[in-house]
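Asker: One structure, pasted below without further comment.
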Amino acid sequence: MYLEFWIILAIILIIGELLTGGFYLLSIGLGSLAAAIFNYFQFSITIQIVAFILVTVIFIILSRPLFNRLNRNTIDKKSNTERLIGLNGEAMEDIGQKNIGAISIKGEVWKAISDEEISKGEEVKIIGIDGVKLKVEKL
């Protein structure tokens, strides 16, 4: 009777793992599969539950380093504009508190704003982002 339950639970959890990718559902699915094997060999429900819990916990512990290794570069990825913060560029137009200017960084032209007056041709440093404009200051 429990064999079908364990197998269906394992299938559902493994399919769920394919949709999520955190290895938790896979671990629980493998625990369910272990319990199904114990059920097939007619062990008691208590042994099945213990096997389910042990296999689940073991696979969760074993899968965490793999999950962390696969996802170590995805947590703090910066957008293209965030990568510009800290870089230096050159003012292509006058930039001031009330007028938006333009700067050149690595051959690209970006709209820029500043809290100080910056003249065309001066070197600037990017200190932040405000919408689609870069916040800059004189070097």
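Values in this text are rule-based calculations from the coordinates and carry no lab data. Here the structure is a predicted model, which means the values were calculated and not measured. Heads up, the Cβs are rebuilt from the backbone with ideal geometry, glycines too, and the neighbour counts pull from every protein chain shown.
Asker: In percent, how large is the relative contact order of the chain, given Cα pairs closer than 8 Å and 6 or more residues apart?
Answerer: Values: 221 pairs, mean separation 21.2, N = 139.
Across the chain, relative contact order equals 15 percent.
Asker: I'd like the Karplus ³J(HN,Hα) series for region 38-51: coefficients 6.51, -1.76, 1.60, θ = phi - 60°, whole numbers in Hz, and an x wherever there's a Gly or Pro.
Answerer: 3J(HN,Hα) across region 38-51, in whole Hz: 5, 5, 4, 8, 6, 6, 5, 4, 5, 5, 4, 5, 4, 4.
Asker: Could you compute the net charge surrounding Gly21? Neighbours are other residues with a C-beta less than 15 Å from the C-beta of Gly21; K and R count +1, D and E count -1.
Answerer: Numbers: positive: Arg64, Arg69, Arg72; negative: Glu17.
Surrounding charge for Gly21 is +2.
Asker: Straight distance only, please: which aspartates and glutamates reach the Cα of Lys111 with their own Cα at less than 14 Å, same-chain residues fewer than 8 apart left out?
Answerer: Glu90, Glu93, Asp94, Asp130, Glu137
Asker: If you don't mind, there's one more thing I want to ask. First select every other residue whose beta carbon is under 14 angstrom from the beta carbon of Met92; then total the charges, Lys and Arg +1, Asp and Glu -1. Could the numbers behind the result be given before it?
Answerer: Details: positive: Lys106, Lys111, Lys120, Lys133; negative: Glu90, Glu93, Asp94, Glu108, Glu122, Glu123.
Net of charged neighbours comes to -2.
Asker: Per residue, how big is the convex hull around the C-alpha atoms of the chain? Give it to me in cubic angstrom, could you? Present the calculation step by step, with values, prior to reporting the outcome.
Answerer: On the way: hull volume 19.3 nm³, N = 139.
Given the Cα convex hull of the chain, per-residue volume reads 139 Å³.
Asker: Using Cα atoms only, what is the angle between the long axis of helix 2-20 and the major principal axis of the chain, expressed in degrees (0 to 90) to the nearest 10?
Answerer: 10 degrees
Asker: Rounded to whole Å and sorted largest first, list the principal axis extents of the Cα atoms in region 1-63.
Answerer: Principal-axis extents of region 1-63 (Cα, largest first): 33, 22, 12 Å.
Asker: Same structure again: Using only Cα positions of region 82-138, each an equal point scatterer, no hydration layer, compute I(q)/I(0) via Debye at q = 0.27 Å⁻¹ and quote the log10 values to two decimals.
Answerer: -1.07
Asker: Right, here's the next one. Under unit Cβ charges (Lys, Arg +1; Asp, Glu -1), what dipole magnitude, rounded to 20 debye, does the chain have relative to its Cα centre?
Answerer: Dipole magnitude for the chain comes out near 420 debye.
Asker: So, one more: Give me Glu108, Glu93 ranked fewest to most by other Cβ atoms within 10 Å of their Cβ, as a rough exposure proxy. Walk me through the numbers before you get to the answer.
Answerer: On the way: Glu108 10, Glu93 16.
Ordered by Cβ neighbours within 10 Å, fewest first: Glu108, Glu93.
Asker: Oh, and also: Give me the net charge for the shell around Lys120: Cβ to Cβ below 10 angstrom, other residues only, Lys and Arg +1, Asp and Glu -1. Intermediate values should be presented prior to the final figure.
Answerer: Numbers: positive: none; negative: Glu90, Glu93, Asp94, Glu122.
Surrounding charge for Lys120 is -4.
Asker: Suppose only helical runs count, i.e. DSSP H with n ≥ 4. What mean residue ellipticity at 222 nm does that imply for the chain under -39500 (n - 2.57) per run, divided by all residues and rounded to the nearest 500 deg cm²/dmol? Write down the numbers at each step before the final one.
Answerer: On the way: 3 runs with 62 residues, N = 139.
Computed ellipticity for the chain at 222 nm equals -15500 deg cm²/dmol.
Asker: Only four residue types carry charge here, +1 at the Cβ of Lys and Arg and -1 at the Cβ of Asp and Glu. Report the dipole size of region 82-138 about the Cα centre in Debye, rounded to the nearest 20. Could you put the intermediate results ahead of the total?
Answerer: On the way: 9 positive and 12 negative charges, 40 e Å.
That gives region 82-138 a dipole magnitude of about 200 debye.
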